[in-house]
Amino acid sequence: MAKPFAPLPRRTRGFEAASKLLESRIRKAGEARGFAISRLLTHWTEIAGPDIAAQCRPVKVGYGKGGLGGTLTLLTTGAAGPMLQMQLPALRERVNACYGYNAIARITLTQTAPTGFTEGQAQFDAPKPPAPRALSPRIQAQARDTAAPVQDEGLRAALERLACNVLSKADPNKGS
């Protein structure tokens, strides 16, 4: 039977970041899989790059008996395996830069089918954002008027989107 989570100790200094509250639990879970530092898991997209991170994810770090460099195991789909195999030397350098020393000597790929036993677990791409909802012309015109004085076109467009979101939440008709 699994042990229930112990409650977190109370803080007396006010609000703290959620990452600070969960840091010890994340570290414990990462160390169980061989990850000495959790940065490799939490910042995988930054370390590997968006192209590689969309095709694979780190699963485990194993260390040999001699302790001279570990083996990083990556999970990928079968079709992406050959392309990733060619990029492993550069990826190993990036991962070792994350550790700050030559911690990873080898990288192995574990290929999985996109469907099957691990259905739902082999998704590497970030979830797609929800489709924008249709807004009433009145809300769109009001947002456009609000952001009109701004000279920078990119900033004006961002402010129009923000105004549309705020106005649609305040509108009891929800944009219809």
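Kindly indicate whether residue 81 is farther than 18 Å from residue 41 by Cα and in contact (Cβ under 8 Å) with a residue 24 or more places away in the chain.
Here the answer is yes, as residue 81 does meet what is asked.
Answer yes if at least one residue in the range 109-118 is assigned to a strand (DSSP E or B), in contact with a strand residue (DSSP E or B) (Cβ under 9 Å, 6 or more places away or on another chain), closer than 18 Å to residue 40 by Cβ and at pLDDT 90 or above, and no otherwise. Please lay out each step first, then the result.
Here is the first cut: in the range 109-118, the residues assigned to a strand (DSSP E or B) are 109-112.
Keeping just the survivors that are in contact with a strand residue (DSSP E or B) (Cβ under 9 Å, 6 or more places away or on another chain) gives 109-112.
So of that shortlist, the ones also closer than 18 Å to residue 40 by Cβ come out as 109-110.
Among the residues that remain, those that are also at pLDDT 90 or above are: 109.
For the range 109-118, residues assigned to a strand (DSSP E or B), in contact with a strand residue (DSSP E or B) (Cβ under 9 Å, 6 or more places away or on another chain), closer than 18 Å to residue 40 by Cβ and at pLDDT 90 or above: present.
The values are calculated or read from the model by the stated rules, or taken from the named source; none is laboratory data. Computed from a predicted structure; not experimentally measured. Glycine gets a Cβ as well: all are built from the backbone with ideal geometry, and neighbour counts include every protein chain shown.
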